[in-house]
Amino acid sequence: MPALPAGPAASAQAPGATITITVTDLRSAKGIVRACMTADEHSFPRCRGVAGAFGATAQAREGSVSFTFRHVQPGHYAIALLHDENNNGKADRALGMMPREGFGFSRDAKVRMGPPSFSDAALDLGGKDRELTIRMRYML
């Protein structure tokens, strides 16, 4: 399964770790999977327009997909995933609150009346390469 490099512009010589995220339990090959990794607690779970955030997309596949973020500086990061099955660029909801599409968060952070807090999903990434697994969850 191909990995997609993503993140802030960096030269090939830039220091930092490589973080590989394997997303498991995808229920279908419909649409795309969106990944966001950010150290900005105020923007979490969003990446668009956030300086220093890493974002990527991959064609959905039943089972699993992987993302690779390169040149990640040490810090406190949280990861959010969305299985955007209709590829409309947003998390669709039923009755205004229940997610229709799959989602996942680092540390398997719990979803209550919305996405988890940054602190519930955050993990420390040092200067070493890491491999993480995040399970996709579906409520409907």
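The values are calculated or read from the model by the stated rules, or taken from the named source; none is laboratory data. All of these numbers come straight from a predicted model, not from anything done at the bench. Glycine gets a Cβ as well: all are built from the backbone with ideal geometry, and neighbour counts include every protein chain shown.
Among Asp120, Asp108, which is the only one that is among the acidic types (Asp, Glu), surrounded by fewer than 15 Cβ atoms within 10 Å (Cβ to Cβ) and within 20 Å of Phe44 (Cβ to Cβ)?
Only one candidate qualifies: Asp108.
The requirement of being surrounded by 15 or more Cβ atoms within 10 Å (Cβ to Cβ) and at pLDDT below 95 is fulfilled somewhere in segment 15-36, by at least one residue. In this structure, Phe105 does not satisfy being touching a residue at least 40 places away in the same chain (Cβ under 8 Å) and in contact with a Phe, Trp or Tyr (Cβ under 7 Å, 6 or more places away or on another chain). Once segment 72-105 is narrowed to residues that are more than 22 Å from His42 (Cβ to Cβ) and of a type in the set (D, E, K, R), the residue that is surrounded by the most Cβ atoms within 10 Å (Cβ to Cβ) is Glu101. Only one entry of Asp40, Asp124 meets the criterion of being assigned to a loop (DSSP other than H, G, I, E, B) and of a type in the set (Asp, Glu), and that entry is Asp40.
Is there a residue being within 16 Å of Val23 (Cβ to Cβ) and in contact (Cβ under 8 Å) with a residue 12 or more places away in the chain anywhere in segment 92-99? Among the residues of segment 92-99, at least one is within 16 Å of Val23 (Cβ to Cβ) and in contact (Cβ under 8 Å) with a residue 12 or more places away in the chain, which makes the answer yes. Kindly evaluate Arg130 against the criterion of being surrounded by 13 or more Cβ atoms within 10 Å (Cβ to Cβ), of a type in the set (D, E, K, R) and at pLDDT 95 or above. Yes: the conditions hold for Arg130.
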